[in-house]
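The values are calculated or read from the model by the stated rules, or taken from the named source; none is laboratory data. Given the structure is predicted, the values throughout are model-derived calculations rather than measurements. Quick reminder, even Gly has a Cβ in these numbers, built from the backbone with ideal geometry, and neighbours come from all protein chains shown.
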Amino acid sequence: MALARTIATGRPSPTRRLTGSAVAARLEADPAVTQVAVPDVQFYYRENFLDEASCAGLVAMIDARRRPSTLLSDRGDATFRTSESCDMDRWSPDVRPTDEAIAALLGLAPEHGETMQGQRYAPGQHFRAHHDFFHEGESYWPRMMESGGQRTWTSMIYLNDVEEGGATWFPQAGVKIAPQRGLLLAWNNMKPDGSPNELTLHEGMPVIEGVKYIITKWFREGHWIK
């Protein structure tokens with residue numbers, strides 16, 4: 001049973017192990033970054049990563065280009081993720097500075113970063129508890145191997161304050177973070193040995209009042225940009 005579970009989620013990886021330790025060391029050496037005291041998860045945040053004008057510009061972009069959010073799994077249902085999303089052109093002069101600033105903060109090559117995605121949550125919208133890493137037992141895994149392999153680090157930035165609700169909740173790690181404009185979160189989806197860390201399970205909780213805007217940047221173990 002334990003072996004079957006390992007195969008379903010993913011095996012250890014020396015490459016991902018080295019990436020995890022290098023990014024963690026870089027973040028912990030940055031005086032503007034704070035490490036969250038979470039056992040067995042590498043979790044960090046930085047306040048005011050983006051200024052008000054940058055946040056406003058990205059919010060406008062999301063509003064103009066939003067579409068219903070989708071899921072990779074072919075076993076998902078329409079109620080699992082009810083937000084709207086916007087894929088951002090990484091080469092746009094309105095996107096590239098933020099995109100590359102995130103990579104620089106983590107010390108990861110921009111080529112390993114997926115297309116930055118904006119998300120919009122209106123009242124009642126949510127994203128149920130999920131992992132950002134890919135499960136090797138899922139039907140999508142061969143496609144992910146062709147586009148850079150496993151996801152390693154996630155970075156997420158809140159673009160606005162929200163009147164009520166919309167927190168990001170890590171139920172197994174015991175962390176819940178309310179939206180705060182400009183706040184950047186970063187966490188390693190892998191364990192120290194480079195295998196997927198199930199403690200990174202997280203949920204975009206329903207917005208009660210207001211509208212929540214965020215951007216998310218995922219990084220792969222290999223090159224996303226070929």
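Observations on the model:
- Extreme residue, surrounded by the most Cβ atoms within 10 Å (Cβ to Cβ), among residues of the stretch 130-165 that are in a strand (DSSP E or B) and in contact with a Pro (Cβ under 6 Å, 6 or more places away or on another chain): Y158
- Evaluation of E100 against the conditions (1) in contact (Cβ under 8 Å) with a residue 12 or more places away in the chain; (2) surrounded by 13 or more Cβ atoms within 10 Å (Cβ to Cβ); (3) closer than 21 Å to L183 by Cβ shows that the sole unmet condition is (1).
- Verdict on K176 being outside any loop (DSSP other than H, G, I, E, B) and surrounded by fewer than 17 Cβ atoms within 10 Å (Cβ to Cβ): yes
- Leading residue by the ranking (surrounded by the most Cβ atoms within 10 Å (Cβ to Cβ)) among those in the stretch 107-129 that are under 29 Å from A25 (Cβ atoms) and under 13 Å from the mean Cα position of the chain (by Cα): G113
Conditions (1) within 19 Å of the chain's Cα centre (by Cα); (2) not aromatic (F, W, Y), marked per residue:
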| site | (1), (2) |
| --- | --- |
| T15 | no, yes |
| G20 | yes, yes |
| Y44 | yes, no |
| N48 | yes, yes |
| L58 | yes, yes |
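- Test: T82 is surrounded by 14 or more Cβ atoms within 10 Å (Cβ to Cβ), more than 19 Å from W218 (Cα to Cα) and within 18 Å of the chain's Cα centre (by Cα): yes
- Residue in the stretch 3-11 that is on the phi < 0 side of the Ramachandran plot, under 20 Å from the mean Cα position of the chain (by Cα) and at pLDDT below 95 present: yes
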